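**Q** Before we start, here is the structure in question, set down as structure tokens.
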Amino acid sequence: MKTQNKVMGGHVLLTIFTLCMLCSGVRAQLSPGIYDKSCPYLVQIVRKQVTMALKAEIRMAASLIRLHFHDCFVNGCDASVLLDGADSEKLSIPNANSARGFEVVDTIKDAVENACPGVVSCADILTLAARESVYLTGGPMWRVALGRKDGLVANQSSANNLPSPFEPLDAIIAKFQAVGLNVTDVVALSGAHTFGQAKCDLFRNRLFNFTGQGSPDATLETTLLSDLRTVCPIGGNGNVTAPLDRNSTDVFDNNYFKNLLQGKGLLSSDQILFSSDLAVNTTKRLVEAYSQSQSLFFRDFTCSMIRMGGIMNPANGSSGEVRKNCRVINN
């Protein structure tokens with residue numbers, strides 16, 4: 001049966017039936033309607049708070065979806081990334097002085113608790129906030145399966161092993177496969193780099209001495225290389241940021257993939273999806289397809305987000321909880 005997409009207000013709205021046809025692997029215990037009676041205005045509450053956050057800082061959209069990604073890849077989607085403490089995932093190498101949006105999640109949680117105390121998990125709030133961040137910046141809409149529990153422990157060591165912008169493509173693919181995701185998910189979810197910023201420290205190695213012999217990354221387009229050397233000079237501040245997608249910095253679209261075809265991916269882990277030798281038989285075809293069809297990208301991105309959102313930690317089970325404060329476990 002052919003997929004039917006409804007285009008409305010520039011957004012691709014995918015029906016539940018279509019999603020069921022397209023996406024597999026969603027956990028049976030999760031349901032879009034689980035809070036219909038216990039917290040009927042949940043989606044409206046989350047959307048209002050995310051809208052306010054994006055009005056204050058549009059970059060927050062990318063930050064919230066990144067939090068969701070970093071949460072689901074460690075212990076499953078259990079809001080462990082939100083926990084404070086000496087062993088917190090916030091202090092891991094990929095997250096320290098990098099992960100953002102915790103205060104926004106706190107604000108959303110407070111608003112939800114005011115309406116429906118003790119009902120909605122922080123993990124579900126983070127999942128919904130990620131969806132709203134995509135939708136409110138021009139991306140697709142989908143119904144989010146809900147019913148996650150909040151984990152009781154963080155896992156800093158696993159957070160240190162999140163997919164890295166410095167890794168080769170085979171290592172990144174292996175990390176996705178380890179949590180039940182596939183090559184399509186690698187490419188589609190990388191498309192979230194269609195908005196947001198990255199620090200110089202994450203790509204400066206490409207600008208000056210990528211080969212170890214004083215040469216830049218040969219796959220980096222020369223005009224972009226020149227511009228980035230100005231933004232991120234040798235010895236400069238590694239916390240200065242550059243947009244991941246310079247042509248549509250704050251819009252969720254398929255321009256990220258068009259950039260890759262021109263050698264304008266900011267991170268090495270972006271450009272290798274198109275330019276590496278391994279990409280020829282794995283990811284390059286998908287990059288080309290998404291660059292040509294935004295609706296195809298939106299469809300696959302939606303399915304990949306649903307699959308990622310279904311990554312669960314079996315250890316949670318009945319031991320999971322609904323945290324009153326997303327930063328600490330309940331007393």
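The values are calculated or read from the model by the stated rules, or taken from the named source; none is laboratory data. Small disclaimer: the values here were computed from a predicted structure and weren't measured. Note: ideal-geometry Cβ built from the backbone for every residue, glycine included; neighbour counts use all protein chains shown. For accessibility, only protein heavy atoms count, side chains too; no ligands or nucleic acids. Shrake-Rupley method; radii C 1.70, N 1.55, O 1.52, S 1.80 Å.
**Q** Okay, helix-only estimate at 222 nm for the chain: each DSSP H run of n ≥ 4 adds -39500 (n - 2.57), divide by all residues, round to 500 deg cm²/dmol; what do you get?
**A** On the way: 13 runs with 135 residues, N = 331.
One gets -12000 deg cm²/dmol as the mean residue ellipticity at 222 nm.
**Q** How far is helix 122-135 tilted, in degrees, relative to the longest principal axis of the Cα atoms in the chain, given as a value from 0 to 90 rounded to the nearest 10?
**A** Compared with the principal axis, the helix lies near 50 degrees.
**Q** How far apart, in nanometres, would the label points at SER293 and ASP227 be if each is projected 7 angstrom from Cα along the Cα-to-Cβ direction?
**A** 3.0
**Q** Hey, another quick one. Under a 1.4 Å probe, what is the accessible area of the chain per residue, stated in Å²? Could the numbers behind the result be given before it?
**A** On the way: 14530 Å² over 331 residues.
Result: 44 Å² per residue.
**Q** State the percentage of accessible surface on the stretch 182-241 attributable to carbon and sulfur atoms; use a 1.4 Å probe and exclude ligands, DNA and RNA. Display every interim value, and only then the final one.
**A** Values: 1380 of 2700 Å².
The computed percentage sits at 51.
**Q** Under the rule of at least 5 residues apart or a separate chain, name every residue whose amide H is placed under 5 Å from the amide H of GLN197.
**A** Those lying under 5 Å, H to H, from GLN197 are LEU244.
**Q** Then there is this: Starting from the Cα-Cα distance between ALA218 and ASN247, subtract it from 0.36 nm times their residue separation and give me the gain in nm to one decimal.
**A** Details: separation 29, 0.36 × 29 = 10.44 nm, distance 2.14 nm.
Working it through step by step, the gained length comes to 8.3 nm.
**Q** Also: Can you compute 3J(HN,Hα) from phi for each residue in the stretch 187-199, using the Karplus curve 6.51 cos²θ - 1.76 cosθ + 1.60 with θ = phi - 60°, rounded to whole Hz and x for Gly and Pro?
**A** 6, 5, 6, 4, x, 5, 6, 6, 9, x, 10, 9, 6
**Q** Same structure again: For the stretch 71-81, take each phi angle, set θ = phi - 60°, evaluate the Karplus expression 6.51 cos²θ - 1.76 cosθ + 1.60, and give the result in whole Hz per residue in order, putting x for glycine and proline.
**A** With the stated coefficients, the stretch 71-81 comes to 6, 5, 7, 10, 6, x, 7, 10, 6, 5, 5 Hz.
**Q** Note the listed values (1) 32, 23, 18; (2) 29, 23, 20; (3) 39, 23, 17, then indicate which one is semi-axes √(5λ) of the Cα gyration tensor in Å calculated from this particular structure.
**A** It is the value labelled (1).
**Q** Turning to a different aspect of this structure: From the phi angles alone, apply the Karplus equation (6.51, -1.76, 1.60; θ = phi - 60°) to the stretch 148-165 and give each ³J(HN,Hα) in whole Hz, x where the residue is Gly or Pro.
**A** The phi angles translate into 5, 9, 7, x, 9, 9, 8, 9, 5, 5, 5, 5, 5, 10, 4, x, 10, x Hz.
**Q** Could you calculate the contour length gain from ASN161 to ASN182, that is, 0.36 nm times the residue separation minus the distance between their Cα atoms, to one decimal place in nm? Present the calculation step by step, with values, prior to reporting the outcome.
**A** Values: separation 21, 0.36 × 21 = 7.56 nm, distance 1.78 nm.
Result: 5.8 nm gained on full extension.
**Q** Ok, one more. Relative contact order, percent, of the chain when contacts are C-alpha pairs under 8 Å separated by at least 6 residues? Write out the running numbers ahead of the final one.
**A** On the way: 555 pairs, mean separation 83.3, N = 331.
That works out to 25 percent.
**Q** Would you work out which of MET141, ASN161, ALA53 lies farthest towards the positive end of the dipole of the chain, given +1 charges on the beta-carbon of Lys and Arg and -1 on that of Asp and Glu, about the Cα centre?
**A** MET141
**Q** Okay, moving on. When ranked by the protection proxy of mean other Cβ atoms within 10 Å per residue, highest first, what sequence do the peptides 169-177, 94-102 form? Walk me through the numbers on the way to the answer.
**A** Values: 169-177: 16.2, 94-102: 17.9.
Most protected by this proxy first, the peptides run 94-102, 169-177.
**Q** What FRET efficiency do you get for ILE234 and ASP106 if R0 is 22 Å and r is their Cβ-Cβ distance, rounded to the nearest 0.05?
**A** Details: r = 39 Å, r/R0 = 1.75.
According to the calculation, E is roughly 0.05.
**Q** Heavy atoms only, probe 1.4 Å: what % of the accessible area of the stretch 270-331 goes to carbon and sulfur, would you let me know? Working shown, then result.
**A** On the way: 1370 of 2830 Å².
It is 49 percent, rounded to a whole number.
**Q** What order, most packed first, do the peptides 76-83, 293-300 have when packing is the mean number of other Cβ atoms within 10 Å of each residue? Each step should come with its number before you reach the end.
**A** On the way: 76-83: 28.6, 293-300: 20.8.
Put in order of decreasing packing, that is 76-83, 293-300.
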